[in-house]
Structures are given as structure tokens and as C-alpha cells.
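Chemist: The following block contains the structure, expressed as C-alpha cells.
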Amino acid sequence: MIEILPIRLLTEEDAPIFGSSNVALAKLVRSGLPVASGLVVTPPQFKLKTVLGNYDFGTKEVFQESLTLVKKEIHSIPVPEILNNGVNLTHTWGGIRIHRRDFLLNGEKIRSIKGFWLALLSIWVEQIKNRLWQKGFYPGITEGLDPQIVIFVKKVESLGNAYYDPLQDDVEIQVKTGKVHPNDLKKIVEIVRAANKKLFIPHEYEWVVDGGVKLVGLKPYTPSVAIESTPIVVGSKASLPTGSLTCEAKSAVKVFFDPSTGAITESNIDGVYIASEKIFDLNKPTESFENLVSRLVEGAMTFPNSPIFLKLADKSEGMGKVRGSLRLLHQKSLFDPLVETLDFARHKKGLINIHIVVPFVRGVNELLQIKKELATKKLMRKNSLQIWMEIALPENIINLEDYLAAGIDGVVLNLDELIAFLNGFDPTEENLAFYKNEVDGLLRFLEDGLKLLHKSKVPFIAYGSLILSPKVLEFLVEKGVMGVVVEKYEAHSAKDLLHQAEKRMILRRV
């Protein structure tokens, strides 16, 4: 007789029967974390014991032959009625309405109840076989076999494992099958961190992308050994193991890594873009100043032949507030540490691959004034020092010709800011976030400005979460974007996304 319960109904009292790990997974369901719908099934202990009792496992000579016969007889055990009822395709079980779906067991998708029952039996037979090899036959050999989780799935895009590694202070994601979108990678990181807090001790989590990221299993975390999956380190303050991440896709568009929220761990990138407002904190001036200097110097030394962009801090207190270049011009406690950082890195360390990005400019006069202030600190435009301008306002595009005449070496398109001002919504308001997907107007608005940049031979790079939109990415590639800025969890797949976009553009032209 087997026992079967939906994951979500398991409680602490069920741990002796269904396993403590499965109970922990149920706890995550009740805490609101995304866990896939499924059942936990215990082995048919009595039937297994009866079958094994009919065979002689006493001598090694008959061991393998007997085991082959045992497998055949065990696989003939019919699907228990309780299991048929539990996953009946039109039956409501434990408050879960089961529609026609496939089953996921140990990372394999199975299409029929009979199929996954045979797969369950095979798992338990293999466990018995391991016990026989290690200890020989003994009366309680069928006791304590592991309960198994059966997950209901529709369309599995990818699956794998993830855990928080305290030695690296990072979440490591291992993709076993499929490809994972950067947004889903970020979601996996958030889920792992939240789940560890709920369970109080670190665990290794099995996840699947099936209409969103969902957990499908867990076990206590132990130091991992090398596996044949693709490891992706996501998080902060980590060093990626040599050779653990490879990206074979090539793209003409450069990929700039944003280490503002974590250490530089990527090697397959074309430069670094540091948003200093994410690092420099006016409430912790000394500590954050040292952190900013460290990040800038580390980036410039790690990639000596690549451009390193330092965006001056855009400290914003909301839409319509004093921020960007205007605030830098009037708040010395903000502007001076940034200049000191540049002075130290360029003049004292001799790192001449560092360039400046002027943030959130509301008019040409602000740009000229910032350039004048920088020049007084010996940070003027020259071959080894470029000054780029962030375009975050529609006004910047409308008056782009005037900005070019004022003298800039390149442009950074802040797509998230641009669409917020164009579509008239506050990006910090979650209930208005759907306006961010209305990109057609933004792309039409940018078209003439990008033509002017191309005509003037002024390069531009793009920044913001919108670059992950296929429509936006293809538009940027077609308009000749020099590079895109990606965050840590996006870096591993950026080259592949760009490669695909470039390929589609070429095919359209052919």
C-alpha cells in the first residue's frame, strides 16, 4: 500500500512518512514562494518485500540473475488505485484541479500515469540494488526507501539546480537542460535567497521554468562536486571559477558589464560600465568612496584594453526633483569624491582606459558647466579621455544636434528613463509597470536621433531593462548600437541574445 499526498498539504507530522525535505518544500508553498503543483508518493513497501522474499540473494553467483528477474516482476506491479485517483486528469485532489498535463520525475518528462509509475518503480529498484551491493540481503532492505515527488508540468523550457554558496557569497545556478532568460535567472536568485531565509538553513533547490520559475524539490546544501551542467554564478562579491562559463556565440555589438551591485566575475565581456550612484553613499562617504575606487581600479586593471565607463552619480529623489548634473553642480559633497576617484585612477594609477559619463542632463548649459568643472580638475576631453552623455530625457533627443555641437564623444541611452517620461508614468509604481512594455512610441521617437548620431559618427550604447525586449534589441542592433550594458545575471546570455538578433537582421536583409 502506497501513501500519496499533494505537496502543499504536507505538515511536520508527515515527515516520518513523506520525508523532511518534502515537508520543507510544502512549507515554502505556504509561505508564498512559487512551488510547482505535484504529489509525493511513498514506495509500495509490502509488495516489494513480498517479491524479494521469493528470491535467493545469498550468493554472488546468483545475485545479478536474481536481480534481473526481480526487476521484471516488480515492473509488473499494477498502478495502485490510489495513485490513479490522485492524478486522475479530471479529479480535484487536495484543492488542486489537475488538468491534462505531463509528469516530471527526477528531471524527466513522462506523458502517462503508467509511464511514471514504472519510472517510480525503477528508482526504488535501483535503491534496493545499491543496498544489496553494499550490505547484501537483509530483512529490512525495502524499508525506508525514499518517497518521490511527481510534478505536473505543461511546457518545460529549462530546469536545473541552484544553491547559495557561502564560500563565494553567491547563488550558483546549474542549468541541466534548456536555456534560461536573464529575467528568470534573476528570479531564481531571489527565490533561493528567500527560501533559505524561510527554512533558516541553506538548501540546494531543484527548479523548472514552466510558465515561470518554480521549485520542484530541495535537499540540504552540501559542497558540490563537478557536474556536466553549465554553472552560472549569480549574485555579488564572487569570483567565477576559471573555465566554468563559456559563451561561444559571437556578436558585433559589445557587451559592457555593470558591476555596480557586485564584483567583476565575467571574462567574456568588452568593457565595464559603473553607475556610481549605486555604490557611492552620502550616508557612508568614506566606506562607499573606497568601494567605488576599488571597483573602478579593478575594472580598469582587469580589462586594460577595454573601455571603462564611470557614470557620475545621479542621485534621484523622484520625478521632478533636483538630480543628475544639476545636483552634481550644486552639491560638492557628491561631486568632489567622484572627481577624486577619477583623479586617483587615471593620474595616480595611470589607468587611461577610463572614460566619463555625464548623467541626466536637462539642457546644453548643464553639460557645458559639468565639462568646465571637470576641466578644472584636469579631466578634459582628449584622445585618452572621452566624455559621454547619458540621454534620459526626450529633450535630449529633440536638441541632440546642440549637444553634439557642445562636444561629446558618445551617448548612453537610458531606455528605462526615456520610456517613463515619454509614456508619462512613474517607474517606481508597480501598478503602472505595464506601460513599460509599450515600446513602439519610444522606438519611433528615437529613430531620427539615432540617424543623426550615425551621420555624425558618434557611437551610442544602451542601458536599462528594456534592452532584454526582443523588439527593442533588434531595433538597436539595426540602428548600429555600439554596445549594451548588462547586469551580472544577464551577462552570461547577452552574447547569445545579440548573436540571434544580428542573425535575424541579416536574414531579413537577404
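Chemist: What is the number of the single condition among (1) over 30 Å from SER276 (Cβ atoms); (2) at pLDDT 70 or above; (3) assigned to a loop (DSSP other than H, G, I, E, B); (4) not small (Gly, Ala, Ser) that ILE227 does not meet?
Modeler: (2)
Chemist: Still on this structure, I have one more. For residues that are of a type in the set (A, V, I, L, M) and more than 31 Å from the chain's Cα centre (by Cα), tally how many sit in the stretch 309-341.
Modeler: 6
Chemist: Just checking, how many residues over the stretch 155-183 are charged (D, E, K, R) and over 23 Å from PRO220 (Cα atoms)?
Modeler: Result for the stretch 155-183: 3.
Chemist: In this structure, is ASP146 at pLDDT below 85, within 23 Å of ALA24 (Cβ to Cβ), acidic (Asp, Glu) and not assigned by TED's automatic domain parsing to the domain that holds ALA15?
Modeler: no
Chemist: Return the pair list, or none, for Cβ contacts closer than 9 Å from residues in the stretch 436-464 that are closer than 22 Å to VAL255 by Cα to residues that are of a type in the set (Asp, Glu) and assigned to a strand (DSSP E or B), at least 6 apart or on different chains.
Modeler: Note: pairs meeting the criteria are TYR463/GLU390.
Chemist: A further question follows. What number of residues within the stretch 445-466 are in contact with a Gly (Cβ under 9 Å, 6 or more places away or on another chain), in a helix (DSSP H, G or I) and surrounded by 16 or more Cβ atoms within 10 Å (Cβ to Cβ)? Give the derivation first.
Modeler: If we filter the stretch 445-466 for residues that are in contact with a Gly (Cβ under 9 Å, 6 or more places away or on another chain), which is where we start, we get 450, 453-454, 458-462.
Right, trim to in a helix (DSSP H, G or I) and you get 450, 453-454.
Narrowing further to those that are surrounded by 16 or more Cβ atoms within 10 Å (Cβ to Cβ): 450, 453.
Going through the stretch 445-466 one residue at a time, the tally reaches 2.
Chemist: Moving to a separate point now. In this structure, does LYS378 turn out to be basic (Lys, Arg) and part of a helix (DSSP H, G or I)?
Modeler: When the stated conditions are applied, LYS378 does not pass them.
Chemist: Here's something else I'd like to know. Buried (at least 17 other Cβ atoms within 10 Å of the Cβ) and either at pLDDT below 70 or in the same structural domain as ALA24 (by TED's automatic domain parsing) (or both): does that describe ILE141?
Modeler: Against the criterion (buried (at least 17 other Cβ atoms within 10 Å of the Cβ) and either at pLDDT below 70 or in the same structural domain as ALA24 (by TED's automatic domain parsing) (or both)), ILE141 qualifies.
Chemist: Still on this structure: Cβ contacts < 6 Å: first residue in the same structural domain as VAL272 (by TED's automatic domain parsing) and part of a strand (DSSP E or B), restricted to the stretch 467-486; second residue at pLDDT 90 or above and β-branched (Val, Ile, Thr), any location; separation 6+ or different chain. Result?
Modeler: Once the first residue is in the same structural domain as VAL272 (by TED's automatic domain parsing) and part of a strand (DSSP E or B) and sits in the stretch 467-486, its partners that are at pLDDT 90 or above and β-branched (Val, Ile, Thr) give GLY483/ILE461.
Chemist: Another question, if that's okay. So, of the residues in the stretch 485-494 that are at pLDDT below 75 and among the charged types (D, E, K, R), which turns out to be surrounded by the fewest Cβ atoms within 10 Å (Cβ to Cβ)?
Modeler: GLU490
Chemist: To continue, here is another question. Of all residues being surrounded by fewer than 19 Cβ atoms within 10 Å (Cβ to Cβ) and in a helix (DSSP H, G or I) in the stretch 1-18, which is modelled with the lowest pLDDT? Just the residue, please.
Modeler: ASP14
Chemist: Then there's this: Please name all residue pairs, on different chains or six or more residues apart, with Cβ atoms under 6 Å, provided the first residue is in the stretch 279-297 and is under 18 Å from ASP314 (Cβ atoms) and the second residue is hydroxyl-bearing (Ser, Thr, Tyr) and in a loop (DSSP other than H, G, I, E, B).
Modeler: Filtered contacts from the stretch 279-297: ILE279/SER260.
Chemist: Right, next: Name the residue that is surrounded by the fewest Cβ atoms within 10 Å (Cβ to Cβ), counting only residues in the stretch 19-35 that are outside any helix (DSSP H, G or I) and under 25 Å from the mean Cα position of the chain (by Cα).
Modeler: Ranking the qualifying residues of the stretch 19-35, first place goes to GLY32.
The values are calculated or read from the model by the stated rules, or taken from the named source; none is laboratory data. Values in this document were obtained by computation on a predicted structure and should not be read as measured data. No Cβ is skipped: glycine too gets one built from the backbone with ideal geometry, and neighbour counts run over all protein chains shown.
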